[in-house]
Amino acid sequence: MHARNRQGFTLIELLIVVAIIGIISAIAVPGLMGMRRSGNETSAVGSLRAIYSSQQAFAATCGNGFYAAKLTDLASAPPNGGAPFISPDLGAADEVQKSGYLISIAAGSDGAAASLDACNGIASADLTSSWYAKAEPISPGSTGTRYFWVGTLGTIFADAAKAIPSTVGSDQAPGGAPIQ
């Protein structure tokens, strides 16, 4: 008789390996999702800081002391040359989805309209003396757990429970806790 040469794994061995991989995945996935949320929140805060810096540069050099009321206004470069005031990823639309957050800016409820147009062609009616920007998770709990906003004064606030009310300008505190 001739002995058979059996090579490979038995079904039981394969099932044990699959079960071990499943257990490791069940332990690792929640931690990875938490790190992803943390990264998304860090990106949202960085975007708000970039918007604040862009607004300050815009008001000082192009807006005659007034701020833009839309992200697309910050993305418009001056006609006499120079770079836009904000990066293309944030200035592509008036509301931008970036790293699991919806980012937008608006005029504050206490804002006054400008009397002169901005140097990059933005009409005086689209300029304001106060503004706020907000970053809201696209899928709360999944892409992020906190809401962020920044206003004319530059302090970034965070709140885990709610989004910023749309009427807040620099005339009242927006709620939440400052993070810087």
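The values are calculated or read from the model by the stated rules, or taken from the named source; none is laboratory data. Here the structure is a predicted model, which means the values were calculated and not measured. Glycine gets a Cβ as well: all are built from the backbone with ideal geometry, and neighbour counts include every protein chain shown.
For segment 94-114, which residues satisfy the criterion of being in contact with a Leu (Cβ under 9 Å, 6 or more places away or on another chain), surrounded by fewer than 18 Cβ atoms within 10 Å (Cβ to Cβ) and either over 15 Å from Glu136 (Cβ atoms) or acidic (Asp, Glu) (or both)?
Hits for segment 94-114 are Asp94, Glu95, Ala113.
Kindly list, by first and then second residue, each pair from a residue in segment 132-161 that is more than 16 Å from Ala50 (Cβ to Cβ) to a residue that is of a type in the set (Asp, Glu) and outside any strand (DSSP E or B), limited to pairs with Cβ atoms under 8 Å and residues at least 6 apart or on different chains.
Hits for this filter: Gly144/Glu41; Thr145/Glu41; Arg146/Glu41.
Among the residues of segment 116-136, is there at least one that is basic (Lys, Arg), under 22 Å from the mean Cα position of the chain (by Cα) and modelled with pLDDT of 80 or more?
yes
Between Ser53, Ser47, Ser109, Ser43, which is within 17 Å of Val150 (Cβ to Cβ), in contact (Cβ under 8 Å) with a residue 40 or more places away in the chain and more than 14 Å from the chain's Cα centre (by Cα)? Don't jump to the end; show me each part of the working.
Details: Ser53 fails: in contact (Cβ under 8 Å) with a residue 40 or more places away in the chain; Ser47 fails: more than 14 Å from the chain's Cα centre (by Cα); Ser43 fails: more than 14 Å from the chain's Cα centre (by Cα).
Exactly one residue qualifies, and that residue is Ser109.
Assess whether Lys70 counts as being surrounded by 15 or more Cβ atoms within 10 Å (Cβ to Cβ), of a type in the set (Lys, Arg) and closer than 17 Å to Asp126 by Cα.
So Lys70 passes the test.
Given the conditions (1) out of contact with any Leu (no Cβ under 9 Å at 6 or more places or on another chain); (2) in a strand (DSSP E or B); (3) not hydroxyl-bearing (Ser, Thr, Tyr), report the number of the one that Val150 does not fulfil.
It fails just one condition, (1).
Could you list, in sequence order, all residues of segment 76-93 that are under 16 Å from the mean Cα position of the chain (by Cα) and surrounded by 18 or more Cβ atoms within 10 Å (Cβ to Cβ)? Quick ask: steps written out before the conclusion?
Restricting attention to segment 76-93, the residues satisfying the condition of being under 16 Å from the mean Cα position of the chain (by Cα) are 86-93.
Selection gives Ile86, Leu90, Gly91.
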